[in-house]
Structure formats: structure tokens, C-alpha cells
Amino acid sequence: MELDYRQFPVLLVDDEPDILRAFTFNYGDDFTVLTAESGARGLSLLETHEPAVIVADQRMPAMSGTEFLERSMAIRPDAVRIILTGYTDIDAIIQAINRSRIYRYVTKPWESEELRLTLRRAVEAFHLVRENGRLVEELRRANERLAAENAYLREIERPNEIVGESAAMRSVLELIARVASSRTTVLIEGETGTGKELVARAIHAAGPRRDHLFVAVNCAALSEGLLESELFGHRRGAFTGATEDRKGLFEVAGGGTLFLDEISETSPVLQEGEVRPVGENRARTVDTRVIVATNRDLEDEMKTGRFREDLYYRLRVFPIRLPPLRDRREDIPALTRHLLGRLARQVKKPIVEPSEETLALLARYPFPGNVRELANELERAVLLAAPGAPITDDLLSERLQETPGDGAAPSVLQHRTDTFEREEIEAALARAGGVKARAAEELGITYRGLLKKMKRLGM
């Protein structure tokens, strides 16, 4: 790209007015020229302008060119410096070079075209240094992002990220341990939000492919034609817009794992150990483990003709079914504490353990969105909570406050808990003369939390 030299101002400092006028006349069309008749005036201009090149005469009264250039370093350290001299002043030139990073020295009287070329090269040097600095900064930021992403991926790929001590989750963890070391195709079934990708990552992280890529694809987000190109790649000219050869994700994930989420939404042709890019006649051998997931019952989908029978049997080699959260309610307290710890780190906010009332309310709710819904609910509560304050039940959404669990009759313990809460609220209101704000303060909950509790308890 050709430089617009006028975007990079040039400052000339010289005590001779004729030199200033001649410089502006000769180079004003090529560069944006700033002039100063003394070192002091030049330093003043540097405070308000950002020249790319500073040219200074060595022999000036009050402040020499060497002194001016040295002092200019503190104001515009990145500018390129040129010194003019009409004398054989070797000591001064050496001093200027050593102290002020002089790019060139030019003798008076200068040759017009030679100085024009020198100024151009100086601007190019300035631009190159600044561009390199910008690229280095971009690289630093990219490395920081990459380091953060790698740390995040290392965290989510640890098997102990799967939280749960229920019998159902112990069974899932045992299956993960059994299949991780093989290259067997795994089918993960479960409702939306149960953690299917997390299980896939745990399988990848626990196996011999952990040091290679884990590539996740949401099949439902792509049309079947586009998905085929994404998975298998294509040759240049295979279709409109295919302007170059492109590797498919099977090849990109070579040596690692390809995770196909929502596989029920499509039916790609999967061949064992090989792929054929769109527009190519020959298949290519790949070494990629395949893990697929679905939130539907693939057997029912197959029986109704919505999913190919041959693909069903090819994928259902090692099925793992994830239980919905409502079937492992005993894991909710541990999950809640784990998710709160992660959220607190993400938002850099200290969070105290959730209250027993909060855990009891969470355990009663059926969570149709499963762990994902629980995580969203807790994220909202963390953002609403004061720093260092516990997560109380009044911070949860209206949906959780108003839904009576899974419709089952309340347990004896729940009945006694509700009775106790009702009595405490009634007593606090009596002592506060019916003023709800004072009663809430006495009970150690928010005013809104008190209203929610009273509504839930039918008060």
C-alpha cells in the first residue's frame, strides 16, 4: 500500500527565516511542514503536534540542535530525527547520534532531491516502527486471549468438571472411564442442557487424543448441503463460491475428536476412517474419533423414518444416556456451589455459600432446561447479589419462586419449614407494627425477598 506522506508531519527547527521559508517552499507539497525558529518554540510545538520526522539545525543560539533533539526525546520518543549542519562539527554529531537516536545528518547547503528522498525514507521508517508496534500489541492481546481460552478449555476438559455423586452420574462417569482410551464412536443422549458436550470433552481429555484438537459442530445450525462441505471439505469449483480447496473438519480434527451435536437434525454420510471432499472422486483417510449427541430418542426417530436406519446402527456403538437434573436432585447442592464458584471467578466477585433456603428452593424446582437453566439462574443471582453476600432465595427468578416443584405433595420437612417461616414472618411484622421494610431488615432479607416469601406462603 502506497503511503500518503502528508499524513506524517515534518518539523523543521532552524533560527534562519530564509531556511524555514525555503524548506516549506520545496517540500510543502510532499509533506505537512511545521516550522519553528528556535529550540524552545520547537519543544512547544511538540506538545501540541505529533510529527513523524524532526529536522533540526545544529548551530542555533540559546539551544543547539543537539540539545533540542535530546530534549525532544522526552516528548516524542518515537519521532525520526535528522540533524542539519553547515560545519565540520564531528563531536556534536557523534553526541547527537549517541543521545538522540539520530536517523541521518545532512550538510548545508543540502541537495534538494537528496533531502526529499531522505525525508521520505524517514517517514517510511517511522511508519514501519509504528506498524510493527501495532502488530506486536495485537499479537500480545491475541496471545492473552489464547492463553485465557486455553486455560478455560483446560478447565472444562477436566473430568472432575462433571459434578455429581448421584447413582446416575456415577454410572455416567464409569462409562466415560471405560470408553475414553478407545476410538469407539460414542452416542450421547440427553435432554437439552444436560451437559452432552461436557461429557464429550471429558471423554476426549481422558483418552490418548487429549493433546490433539477437540472440534465441536452444531449440526442443527447448518443446512445439510453446507454441513457436508464443513465436515468433508470441498475442492475448488465444486459449487458456486468454492474459490479454493478447503479441508473439512474431519481432517482438521485429525488425531483428535470431532463432536457432532444434534446429529438427529441431519444425516451426513459417515464412512469409517475416510472422507471424500465435495467435488473430489477419491476418499481420503482420516484418523478422527467421532462422538455424536442428540436430545431426541434416535430409535424413535429411526422407526418413524426421520433418521436413517443404517446411520443409527453405525452411531449407536457405545451409548451414554445423561439423566435430566430432576432425576438427580441430590446433585443440585454440589452443582450449585460449583457453578457459583466458577461464576464468581468469571465476574471477579466474592460470593458466600448459598443459603439453605436457596438450596431447598432449587432442589424443589424441576429445571426443564437442566444444568444450563440452573447455571443461567445462578448467573442472574450472582449479578444481583452484593459483593460478599450470600445467594438468597429472593435473588432467584419469579419462575422458581412461584413453581411448586414437580407437583408432588410437600414433604413433612418442607411443611414444617414453611410453618416456621410463616411464624417468624408474622412475629417480625407484629414487632415492626406491620411495616414490611422494617420486618425484612430484622429478618435479614431484602424487602422484595420478604414479599416473595409471603406470596409463596400464602400470606
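The values are calculated or read from the model by the stated rules, or taken from the named source; none is laboratory data. For clarity, every value in this text was computed on a predicted model and none was experimentally measured. For neighbour counting, all protein chains shown are included, and Cβ atoms are generated from backbone atoms with ideal geometry for every residue, glycine included. Heads up: the accessible areas ignore ligands, DNA and RNA and are worked out on the full protein's heavy atoms, side chains in. Shrake-Rupley method; radii C 1.70, N 1.55, O 1.52, S 1.80 Å.
By a straight-distance test (C-alpha under 25 Å), which lysines pair with LYS452 as possible cross-link partners, with residues fewer than eight away in the same chain excluded? The qualifying lysines are LYS436. Shape class for the stretch 23-80, computed from the alpha carbon gyration tensor (a ≥ b ≥ c): oblate, with a/c not under 1.5 and a/b at or below b/c.
Each helix, a run of at least 4 DSSP H residues, gives -39500 (n - 2.57); summed and divided by the residues of the chain, these come to -15000 deg cm²/dmol at 222 nm.
When the P(r) is computed for the chain, the part past 36 Å accounts for 58% of the Cα-Cα pairs.
Residues whose amide H comes within less than 5 Å of that of ARG284, counting only those at least five positions distant or on another chain, are VAL275, ARG276 (H built at 1.01 Å from N in the peptide plane). Charges on Cβ only, +1 for Lys and Arg, -1 for Asp and Glu, centred on the Cα centroid of the chain; of HIS234, ALA432, ILE82, which one is farthest towards the dipole's positive end? Highest projection toward the positive end goes to ALA432.
The string of couplings for the stretch 304-320 from the Karplus curve (6.51, -1.76, 1.60, θ = phi - 60°) is 8, x, 8, 9, 5, 5, 5, 5, 4, 6, 6, 8, 7, 8, 9, x, 10 Hz, one whole number per residue in order, with x for Gly and Pro.
Phi angles across the stretch 350-357 convert, under the Karplus curve 6.51 cos²θ - 1.76 cosθ + 1.60 with θ = phi - 60°, into 3J(HN,Hα) values of x, 10, 8, 3, x, 5, 4, 5 Hz, Gly and Pro given as x.
When Lys and Arg each count +1 and Asp and Glu each count -1, what net charge do the other residues less than 14 Å away from GLU353, Cβ to Cβ, add up to?
Once all neighbours under 14 Å are counted, the net charge is -2.
Among beta bridges from DSSP that stay inside the chain, the antiparallel ones total about 10%. Residues whose amide H lies under 5 Å from that of ALA389, counting only those 5 or more places away or on a different chain, are VAL352; hydrogens are built 1.01 Å from N in the peptide plane. Determine the sum of side-chain charges near ALA79: Lys and Arg each +1, Asp and Glu each -1, restricted to other residues whose C-beta is under 10 angstrom from that of ALA79. Here the count lands on +1.
Peptides 205-211, 37-43, 279-285 ranked from most to least packed give 37-43, 205-211, 279-285, packing being the mean of other C-beta atoms within 10 angstrom over each peptide's residues.
Taking the Cβ of GLU137 as the center, what net charge do the other residues with Cβ under 14 Å away carry, scoring Lys and Arg +1 and Asp and Glu -1? Charge balance in the 14 Å sphere: +1.
Just the protein heavy atoms count here, and of the accessible area of the chain at 1.4 Å, carbon and sulfur take up 51 percent. In this label model, GLU47 and GLU165 are separated by 6.9 nm, measuring between points 7 Å along each Cα→Cβ vector. Here's the picture: charge each Lys and Arg Cβ at +1 and each Asp and Glu Cβ at -1 in the chain, and of VAL179, ASN295, LEU451 the one pushed furthest to the positive end of that dipole is VAL179.
Give the cross-link partners of LYS196 among the lysines, using a straight C-alpha distance below 30 Å as the criterion and excluding same-chain residues fewer than 8 apart. The qualifying lysines are LYS247, LYS303, LYS348, LYS349.
Here the Karplus curve 6.51 cos²θ - 1.76 cosθ + 1.60, taken at θ = phi - 60°, turns the phi angles of the stretch 119-134 into couplings of 5, 4, 5, 5, 4, 5, 5, 4, 4, 5, 5, 5, 5, 4, x, 5 Hz, with x standing for Gly and Pro. Less than 5 angstrom separates the built amide H of ALA216 from those of PHE259, all sequence-distant by 5 or more or on a different chain.
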